[in-house]
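No value in this document is a laboratory result; all are computed from the given coordinates. Small disclaimer: the values here were computed from a predicted structure and weren't measured. Every residue, glycine among them, receives a Cβ derived from its backbone with ideal geometry; neighbour counts consider all protein chains shown.
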């Protein structure tokens, strides 16, 4: 606490607030609003200021998210790691609850219906897992070098991943796995240990495939390999997104001019397939712009991990970076047929309150890490 | 602090609570992920972008072909001989049927009720299509619905997803059966035809001309299909009509055929049949080659082909009829008999073997000719004609005179056409070919027979099979003699004989006969007038005049007497060709022929009549006379 940073109260730490990180996130949200508008312009014709208007609804969630981000930035992230196990417990309970009473859509149970809001507890669970892992490693040696610590950390993630997997939500389960992998990698896992765990996973995979992966997932994967086999059912989505993306060519067809989007060949164009809208209407150029924003955001997130004052802060930042990276990758990979269709939203861009709010919350936590890195830096 | 604090403590490490992670790997991971995605986008959007853009257009732009109205076929006087009608078909698209078998069965039953196609049949065809992996193609389950059925089905289809009523262009042949061989018919494309026609832009549901004028002039009659492009959304809802190109109707064809004459001749032949079962007649212009009438009996109703399912028993009866009604007898080669003597006379005159004044007294119906190696052939004439010159020999159709003119009478020292009997056959054959025998006439119809002009080589080939012996294959003196009177292996179609007659009548022009007079645009403008090709036969005008005289005398007092018609100066030649085995009464069956032209001084029309059984002068000549009579009273040349 040097003189230069001597401000008190609410103003303390804001000079270290990462405005570039937030700008990248806000640009993505802005782009998302434009694409949501384009993806819904033919289906929504009600008043602009209405909660039924997907653009307005998303904007409201964005404002709520930004507010929460600012609040959480002010909050010492150690409050969160302190209650990490409580958050973890709540997440487990909510994931169990959703299996019992959740809302089923597209053959998968992922939401709670709360009036006009649909709450997706897995979004919350991802953050809870990151915080719990950070807490675990910060207390127990601060690294994952020890096999016992590695296995323990896996046991933290596994119940979450399993509960999400049986929803079923293969994509989110993979995100959990990636978060764990990212955190333990930065936490200094021994390659040998990782190989053992990896070998075990490979050995278990056939059983998972046979007993746990739903038929529709198998179908989606096989459809990805040969989409023309079943062009009107499972392959339809894949083919239509391929056509949308490919036909955008370099400059795209112009906003609200993409036939694939506007004539409803794309399913869920404001959510899982919003990238196809972007690629069709704004083309390769637009996609590269989007990539640039994500790279900026993620690099700033890695910077936060670099700056972090302690292991907890660093692993939180790493977890959030991996979370966003993995979700972005899976979502876009689905859109360009590199991955089977699975319901992962594009971070900050896709329509969806739970995702957006939880992402802004994670941005807030990251800011909290950045703003406090000097306070916790140990020499 | 933690709920696990008391139970688990990791081993203390020197780096406790100090960040030590290596973040380079994470930075590399970020760049790799976006590098991979960028590479994928380069491939999809930049490399394959144009292909995807095309697929995107096809996705929402639905092109439908609008089939053009087919060109009409009119008679010489403008009478339409065909009518365009809609053919109503009930079709089922498996993909659009309800998924539940029970719902489908209800639809099949309703379909059975409406159009009479058994529900089990529909079910198995749907099953077949689904098994074959083409559930998106409509299956025509019942074609040629009646108007009432079509109306009822049209109303019912709204409640029957997957069932549709389609209309494709069809033809109604409104001329009588007399026109069937000429006009032909249209029908659905066979898979093989489709494979070929696809390249010409044909749709699978587009009918094509199968035979006759419909087949030969398909490219004129078809017109060009129109296109309607509409924009549809993913639910198949029509959003916008993008562009429509109207179909261009096909061109109409005006035939040289006089519908009245055609029907008259068909009816006349039918009434004149007697013992005969098959008949044909050709009426054509010796000036232009236009065919005024081309009749073949028995005939059939061309509309049968438009309703193959409903009229299958009629079709089967026709297909199994030993008279082969589908065969156009005017284009089928038979022994021409004495009509061939026109060619023998022309050849002998031109070769100088005989002159118009060359005489021969035929006092007996049999003459013994000495052939090769002293073999004696008794050759017969049909009557003792007395003294003949060339003209009266044509008039009376003397066989012995024309034996003399073709193969010669070696034992009397009379030479034939050539230096020996084989050479004579070659020479006669060459003249026959010059008159268009042994090859199709080139009329604008398919399925025309070439006929046979015999020669030593031809005989060797024709009898090459192991069931024949060397004697069958050898060419003998008598072969040349029989050829000279249009017997032996000579065969010619009535159209070929009419063409020969026209060449004699018009001073030596061998015309290609043709049915279509002109091609007119849909609004009636003449686009092109057909012209017959012609070539000169190698016979001098004087020699042809002698032959015409002989034909004139034939009708004047000779074998063709019964062709005489009040007020018309007719010249002609009869033919009675023996064919088949010798019967129990020692005779063989005979074809009856008459071919002639009128008026004698300035020929306007050639008439050739053929009956499969009968005597030329008794049967064919009087029939031809009535045709001449009708022609000059009713048809303007």
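Does the range B:40-177 come out rounded, prolate or oblate, given a ≥ b ≥ c as the square roots of the eigenvalues of its C-alpha gyration tensor, rounded meaning a/c under 1.5 and, failing that, prolate meaning a/b above b/c? In terms of gyration-tensor shape, oblate. Each part reduced to its alpha carbon centroid, the range B:396-429 and the range A:343-379 end up 117 Å apart. Exposure proxy ranking for B:407, A:27, B:481, based on other Cβ atoms within 10 angstrom of each Cβ and starting from the fewest, stands as A:27, B:481, B:407. Which FRET efficiency value, to the nearest 0.05, do you get for residue B:31 and residue B:136 by plugging their Cβ-Cβ distance into 1/(1 + (r/R0)^6) with R0 = 51 Å? Calculated transfer efficiency: 0.70. Enter the Cα centre distance for the pair the range B:466-515 and the range B:587-637, rounded to the nearest angstrom. Comparing the Cα centres of the range B:466-515 and the range B:587-637, I get a distance of 19 Å.
Mean residue ellipticity at 222 nm, helices only, chain B: -10000 deg cm²/dmol; runs of at least 4 DSSP H residues each add -39,500 (n - 2.57), and the sum is divided by the number of residues. Counting Cβ atoms of other protein chains within 10 Å of each residue's Cβ and taking the mean over peptide A:320-328 gives 2. By other beta-carbon atoms within 10 Å, ranking B:61, B:570, B:107 with the fewest at the front produces B:61, B:107, B:570. Per residue of peptide B:53-65, the mean number of Cβ atoms on other chains within 10 Å of the residue Cβ is 4.
Taken over the protein assembly as shown, the convex hull of the Cα atoms encloses 244 Å³ per residue. Note on residue A:205 and residue A:68: their simple-model spin labels are 3.5 nm apart, each label 7 Å out from Cα toward Cβ.
Under the classification rounded if a/c is under 1.5, otherwise prolate if a/b is larger than b/c and oblate if not, where does the range B:45-120 fall, given a ≥ b ≥ c as square roots of the Cα gyration tensor eigenvalues? Oblate is the answer for the range B:45-120, as a/c is 1.5 or above yet b/c matches or exceeds a/b.
For the range A:133-205 versus the range A:67-95, the spacing of their alpha-carbon centroids is 20 Å. The label point for residue B:203 and the one for residue B:228, both projected 7 Å from the Cα toward the Cβ, are 1.0 nm apart. In terms of the Cα gyration tensor, with a ≥ b ≥ c the square roots of its eigenvalues, is the range B:420-483 rounded because a/c is under 1.5, prolate because a/b exceeds b/c, or oblate? Oblate, since a/c reaches 1.5 and b/c is not below a/b. Take every Cα pair under 8 Å whose residues are at least 6 apart in sequence, average their separation, divide by the length of chain B, and the relative contact order is 13 percent.
Compute the angle between helix B:49-60 and the longest alpha-carbon principal axis of chain B, please, reported from 0 to 90 degrees and rounded to the nearest 10. Rounded to the nearest ten degrees, it is 80. Using the Stokes-Einstein relation with a Kirkwood hydrodynamic radius computed over Cα pairs, the translational diffusion coefficient of chain B at 10 °C and a viscosity of 1.306 mPa s comes to 54 µm²/s.
Counting neighbouring beta carbons within 10 Å and listing from fewest to most, the residues A:284, B:482, B:594 come out as A:284, B:482, B:594. Compared with the dominant principal axis of the Cα atoms in chain B, helix B:101-115 is inclined by about 30°. The antiparallel fraction among DSSP beta bridges confined to chain B stands at about 95%.
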